[in-house]
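Down below is the structure, laid out as structure tokens.
Nothing in this text is a laboratory measurement; each read-out follows from the coordinates by a stated rule. Keep in mind that what you see is a predicted model, and the values were worked out from it rather than measured. Ideal geometry is used to build each Cβ from the backbone, glycine not excepted, and the neighbour counts take in all protein chains shown.
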Amino acid sequence: MVNLLLSQTSKYFGFGDEDDYVVLEGGRVIGRIMRPSQAPAEQQWFWSITDPNMKPSIGNRGYSGTREEAMADFKARLLTLS
């Protein structure tokens, strides 16, 4: 079972606003979920898997309608890579 947590990006990297999060697994940063200003109105949240132990892929990122959906989409993609 994958246990993911969100934490403000600013706590880890010194930048980011209230809608910018790192995704943590076991205390390690493995991705990011944020609401960028240029996002489509119907899919306002951007997610990306940035774990250096995973092969980079265009499929490791996407847009979702809500932060909760972004987290679910992130987790679903992560599980397909495991």
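Annotations
- Each Lys and Arg adds +1 at its Cβ and each Asp and Glu adds -1 at its Cβ; summed about the Cα centre, the chain shows a dipole of about 320 debye.
- Column: log10 I(q)/I(0), Debye, Cα scatterers of the stretch 4-81, q = 0.23, 0.26 Å⁻¹: -1.09, -1.33
- Once the chain from Ser10 to Ala76 is taken as fully extended at 0.36 nm per residue, the excess over their C-alpha distance is 21.2 nm.
- Within the listed set Ser64, Ser48, Ser37, the residue fluctuating most in the Gaussian network model of the chain (springs between alpha-carbon atoms under 10 angstrom) is Ser37.
- A DSSP coil position with no more than 10 other Cβ atoms inside 10 Å describes the following GluC sites (Glu not before Pro) in the chain: Glu18, Glu42.
- Net charge of Cβ neighbours under 9 Å - reference Arg67; Lys, Arg +1; Asp, Glu -1: -2
- If you take all other residues with their beta carbon under 15 Å from the beta carbon of Arg32, and give Lys and Arg +1 and Asp and Glu -1, the sum is 0.
- Sum of side-chain charges, Arg77 neighbourhood, beta-carbon under 14 Å (Lys, Arg +1; Asp, Glu -1): 0
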